[in-house]
1. For the pair Gln15 and Leu210, what calculated FRET efficiency results from E = 1/(1 + (r/R0)^6), where r is the Cβ-Cβ distance and R0 = 35 Å, to the nearest 0.05?
2. Heavy-atom accessible area per residue, the stretch 75-228, 1.4 Å probe: how many Å²?
3. What percentage of the solvent-accessible surface of the stretch 119-180, computed with a 1.4 Å probe over protein heavy atoms, is contributed by carbon and sulfur atoms?
4. When a/c reaches 1.5 or more, the comparison of a/b and b/c decides; with that in mind, is the stretch 1-119 rounded, prolate or oblate per its Cα gyration tensor?
5. With a/c under 1.5 counting as rounded, go ahead and sort the stretch 2-59 into rounded, prolate or oblate using the C-alpha gyration tensor (a ≥ b ≥ c being the square roots of the eigenvalues; past the cut-off, prolate if a/b is larger than b/c, else oblate).
6. Along the positive direction of the dipole of the chain (beta-carbon charges: Lys, Arg +1; Asp, Glu -1; about the Cα centre), which of Ser169, Leu5, Leu63 reaches farthest?
Amino acid sequence: MIRVLIVDDDARVAQNHRELVDSTPGFEVVDVEHAAASAVAAVQRHAPDLVLLDLFLPDRPGLDVLREMRGPGQATGAGLVDVVVITALREVAHVRTALQSGALHYLLKPFPLATLREVLERYAAMRRAAERLSTVTQGDVDQLVSLLRPASSTALPKGLTATTATLVSETLRDAVGDLSAAEVSAATGVARVTARRYLEHLCTEGRAELRLQYGSAGRPEHRYRWAS
């Protein structure tokens, strides 16, 4: 289970993010804080894996909090805490400072909650991929970095679209158990061969898993489940 600390001065926004995180398989919220001082203390108290950090805080700038969370001596029991910045600040200087200070991602408000869910799912996929490695090749590094980057229509393989990718992802995520390409096709209205292409792409990204189901005769059936 990936343990998440939410830091946002807006209680309503923080609650929305809490509900989204708690509804995402494999994640749980360990605390919600609304100020810098309590956020830093919460990191030491809970040792979260991930912090969703707003940069507008009443007592100190969020960038100062990021530096403190990621600074020397701030490793938790599970290692150095990961941080995703969530903010309305659009100045390039803030983006550069956040990334240079160790933020994994810089998410601009306002955004659909589905965008945050995708960030979480990609973060989980990156952690699973990293846990399987001891040493890495350049290809391994490239894959880990790419897993953190939200999908776009230009990042998808030729012939795939972001809209249909989201539809297939949500169908698989909401399913009870695993699904075949034919079942995904029936649920989404896309052709079976098209559904399989999207499912294979999700497996390549580490966001879905393939299971072979063997019958009494013939080739095994490909079954897919959301990776949690």
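The values are calculated or read from the model by the stated rules, or taken from the named source; none is laboratory data. Computed from a prediction, not measured in an experiment: that's the story for all the values here. Because the Cβ atoms are built from the backbone with ideal geometry, glycine has one as well, and the counts that use them run over all protein chains shown. Remember, those area values only see protein heavy atoms, side chains included, never the ligands or the DNA or RNA. Shrake-Rupley method; radii C 1.70, N 1.55, O 1.52, S 1.80 Å.
1. Details: r = 36 Å, r/R0 = 1.04.
Efficiency at R0 = 35 Å is approximately 0.45.
2. On the way: 8490 Å² over 154 residues.
Result: 55 Å² of accessible area for each residue.
3. Reported share for carbon and sulfur atoms: 55 percent.
4. rounded
5. Working: a/c = 2.56, a/b = 1.26, b/c = 2.03.
Here the stretch 2-59 falls in the oblate category.
6. Highest projection toward the positive end goes to Ser169.
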